[in-house]
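Scroll down for the structure; my scribbles are underneath it.
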Amino acid sequence: MISFFRGLERNNTREWFAPRKQIYEQWVRGPMIELASQVNDALRRFAVDNTVADPARAIYRIHRDTRFSSDKTPYKTHIGVTFPRAGLPKHAGAGYYFSASHREVEIAGGVYMPGPEELNAIRSAIVADPDGFLAVVESRSLVKLLGPLQGEQLKRLPRGWEKHADSPAGEYLKFKQLYWYVTLPAKLALTPKFAGVVIRHFRAMRPGIEWFNQAVLSARKEQEQSIRPSRPEPMW
């Protein structure tokens with residue numbers, strides 16, 4: 001894996017990749033499918049809603065989407081796995097993620113690409129119970145292992161939320177993304193400890209992941225109920 005990605009970084013072309021595709025399948029994607037299966041089995045014990053039916057399908061394609069990018073290199077120089085929340089679009093809810101490359105191991109979790117509705121649901125849940133939210137995302141054990149919550153932020157509170165500036169969790173209303181993210185040495189991916197380290201970090205994130213997903217799911221349920229036609233009153 002290390003050698004393959006080093007070579008791909010230096011020669012990121014279809015001409016280089018094509019004759020080495022079997023190396024990628026055998027020494028990169030194959031072992032990652034096995035690892036994704038181990039992590040998926042572990043998630044069944046503490047985060048069953050984020051498990052997948054087929055771990056192989058949880059692995060991102062190595063091909064880059066270059067349609068809207070100035071970087072036209074065709075391949076990613078890492079391999080990543082995602083475990084989204086069942087019952088929600090792939091990027092609407094909070095999920096778990098990890099990857100490996102010749103440079104580093106990445107472990108992350110949270111809401112990375114929320115739409116306006118999801119972001120509004122999360123912000124509403126924050127202002128409804130700021131102390132409960134802070135107890136989850138600023139847990140001492142969580143911050144010690146994964147650091148503070150990360151994500152792109154606005155410079156000031158978004159329009160319509162200014163009245164919550166004095167809320168204990170007011171600063172979090174500026175977040176456009178909400179996730180935890182750490183990098184670890186690449187050599188971890190070559191050891192039997194890799195799966196255990198990923199699972200340990202996922203367990204630590206679980207309360208936050210569930211908090212975000214509950215906020216989004218509750219808002220969706222309320223919206224569905226508000227547009228559901230009511231049964232008319234009987235005439236006699």
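Just so it is clear, none of the values below were taken in a lab; they were calculated from the coordinates. Owing to the predicted nature of the structure, the values given are computational and were not obtained by experimental measurement. Please note: Cβ atoms are built from the backbone with ideal geometry, for glycine as well, and neighbour counts cover all protein chains shown.
Which order, highest average first, do 18-25, 169-176 follow once you tally other Cβ atoms within 10 Å for each residue and take the mean per peptide?
169-176, 18-25
When ranked by the protection proxy of mean other Cβ atoms within 10 Å per residue, highest first, what sequence do the peptides 95-104, 196-205 form?
So the peptides 95-104, 196-205, ranked by packing, come out 95-104, 196-205.
Give, in nm to one decimal, the length gained when the segment between R29 and W16 is fully stretched (0.36 nm per residue of separation minus the Cα-Cα distance).
The R29-W16 span can extend by a further 2.9 nm.
Take the Cβ-Cβ distance between R64 and Q225 as r, set R0 to 30 Å, and report the resulting FRET efficiency rounded to the nearest 0.05.
On the way: r = 41 Å, r/R0 = 1.37.
Here the calculated transfer efficiency is 0.15.
Could you calculate the FRET efficiency of L134 with K155 from 1/(1 + (r/R0)^6), where r is the beta carbon distance between them and R0 is 22 Å, rounded to 0.05? Please list the in-between numbers first.
Working: r = 22 Å, r/R0 = 0.99.
Once rounded, the FRET efficiency stands at 0.50.
Enumerate the whole-percent occupancy of each 10 Å bin, from 0 to the last occupied one, for all C-alpha pair distances of region 2-223.
Whole-percent P(r) values from 0 Å outward: 8, 30, 32, 21, 8, 1.
For region 16-67, build the convex hull from the C-alpha positions and give me its volume per residue in Å³.
Spread over its residues, the Cα hull of region 16-67 gives 88 Å³ apiece.
Of K144/K193; K21/K176; K174/K221; K155/K193, which sit over 31 Å apart, Cα to Cα? Working shown, then result.
Working: K144/K193 20 Å; K21/K176 37 Å; K174/K221 25 Å; K155/K193 40 Å.
Where the Cα-Cα span goes over 31 Å, the pairs concerned are K21/K176; K155/K193.
May I ask for the net charge around I33, where only other residues with Cβ less than 15 Å from the Cβ of I33 are counted and Lys, Arg are +1 while Asp, Glu are -1?
-1
For region 1-118, just list the percent of Cα-Cα distances falling in each 10 Å bin from zero outward, please.
13, 39, 33, 14, 1
Working only with C-alpha atoms, what are the Rg and Dmax values of region 82-190, expressed in angstrom?
Values for region 82-190 (Cα only, Rg and Dmax): 15.3, 51 Å.
Which residue, chosen from N11, F212, I33, occupies the Cα position most advanced towards the positive end of the dipole of the chain, where the dipole is computed from +1 (Lys, Arg) and -1 (Asp, Glu) charges on Cβ about the Cα centre?
Result: N11.
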